1. Normalised radius of gyration for region 129-223, please: alpha carbon Rg relative to 2.2 N^0.38 Å, two decimal places.
2. What is the calculated FRET efficiency for Tyr44 to Tyr162, with r their C-beta to C-beta distance and R₀ = 22 Å, to the nearest 0.05?
3. Taking the mean number of other Cβ atoms within 10 Å as a proxy for protection, how do you rank 207-219, 3-15, 68-80, 138-150 from highest to lowest?
4. What FRET efficiency would be calculated for the residue pair Thr192, Ser142, taking the C-beta separation as r and a Förster radius of 22 Å, to the nearest 0.05?
5. Just to check I understand the Karplus step: with θ = phi - 60° and J = 6.51 cos²θ - 1.76 cosθ + 1.60, what whole-Hz values come out for region 21-29, glycine and proline as x?
6. Between region 80-107 and region 1-43, what's the alpha-carbon centroid distance in Å?
7. Stretched out fully, how many nm does the piece from Tyr120 to Lys176 gain, at 0.36 nm a residue minus the Cα gap?
8. Taking Rh as the Kirkwood radius computed over C-alpha pairs, what is the Stokes-Einstein D of the chain at 37 °C in a medium of viscosity 0.692 mPa s, expressed in µm² per second?
Amino acid sequence: MFKIMVVEDDFKIAQIVKENLIKWAFDVKVVEDFSDILNVFNKYRPHLILMDINLPLYDGFYWCNQIRKFSKVPIIFISSRNTNMDIIMAINMGGDDFINKPFSIDVLIAKINAILRRTYSYMKVESDVIEYNNVFLSINDSCVLYEGKQVELTKNEFKIMYILMKNAGSIVSREKIMRSLWEDESFVDDNTLTVNINRLRKKLEEINIKDFIKTKKGQGYIIV
């Protein structure tokens, strides 16, 4: 079942859209907390987003830009702001389509189905981001994002971060990490792993992520 996230300031419109999408067998999440849309996005992990432009705190352009830093999920803008500049901004920020208010539900659903077919017909539907304690690891471009800042990781740094975040809260042995790196044909011995861990920590500190990777002496590493 495809999941649709609705980011709409008008409660009545959001409910009408939700009711009609449910009839089409979509799973629908209407955003209620407009202050932390990224965390709502990560927890729900939608296959498509319907995004209003006029929102409390930050507008839809801002949130689209933030999401585009780590995800290629399709975004359809829905807005009463329909000047050429608004439409151009929506597309330039990473939007996939633009629908003017007032709109036809039938047209909206047709556009949703078309985009979902184009996006997911020939690929496995899966998340392209891992999140833990507001730290985001982008699978697509091997970067870490935190509070609007990002840092790029090397191949080995990404593999280490990936295995630690997939096992967040649990200790991962040095042997398991090295095996994971060896599978990718990277030459990694005990000293090389230590160097990569230290470099990874320094990169995380560059974007104010401190004490994220803990060393458990004689056991391995853990993300807390």
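Bear in mind that the values in this text are calculations on the coordinates, not laboratory data. Fair warning: this is a prediction, and the values are worked out from it, not measured in the lab. Counting neighbours? That spans all protein chains shown, and the Cβs are built from the backbone with ideal geometry, glycine included.
1. 0.99
2. 0.55
3. Put in order of decreasing packing, that is 68-80, 3-15, 138-150, 207-219.
4. Between Thr192 and Ser142 the formula returns 0.75.
5. Once rounded to whole Hz, the list reads 5, 4, 4, 8, 6, 8, 8, 10, 10.
6. 17
7. In short, 16.9 nm is gained.
8. This corresponds to a translational diffusion coefficient of 170 µm²/s.
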